[in-house]
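Just below is one structure, and these are the notes that go with it.
The values are calculated or read from the model by the stated rules, or taken from the named source; none is laboratory data. Everything numeric in this text was worked out from a predicted model, so none of it was measured. When we count neighbours, we look across all protein chains shown, and the Cβ atoms used for this are built from the backbone with ideal geometry, even at glycine.
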Amino acid sequence: MSDSRPDEQNDTQPDGAAVVRRQITPDPETSEYDLLEVLAEIEDCDIESLPPLYNEVEHVVETLFKTPPSAAAQMSVSFSYAGYRIRLDRDGTLQLVPVKETI
């Protein structure tokens with residue numbers, strides 16, 4: 001991406017799958033929407049065309065930031081959603097690994 005933001009990073013896994021890294025604000029009010037926004041950007045689609053996040057992970061993203069554990073716990077959550085394996089750290093670091101070609 002030629003106009004990459006400083007908080008964007010893409011890598012490639014040994015199998016050729018692109019690993020996308022982004023930073024979202026660790027805010028319980030906006031984190032789920034921010035995650036969907038990143039995924040919609042990657043997939044080049046509208047947020048509304050993504051499956052409902054609530055049906056998949058039931059506010060686990062929001063909860064990570066609402067009552068965050070101590071930094072020493074190095075807490076993160078991982079889940080599969082819309083063709084990606086997603087890892088989100090308590091500081092808002094987001095990693096998306098495609099597990100299928102498109103949503």
*Every residue from region 22-45 that is closer than 18 Å to P98 by Cα and either in contact with a helix residue (DSSP H, G or I) (Cβ under 7 Å, 6 or more places away or on another chain) or surrounded by fewer than 15 Cβ atoms within 10 Å (Cβ to Cβ) (or both)*: R22, L35, L36, E37, A40, E41, D44, C45
*asked:* With the requirement that a residue be within 18 Å of S49 (Cβ to Cβ) and either modelled with pLDDT under 95 or exposed (fewer than 13 other Cβ atoms within 10 Å of the Cβ) (or both), what does region 85-103 give you?
replied: P98, K100, E101, T102, I103
*What number of residues within region 59-75 satisfy the criterion of being surrounded by 14 or more Cβ atoms within 10 Å (Cβ to Cβ) and not aliphatic (A, V, I, L, M)?*
4
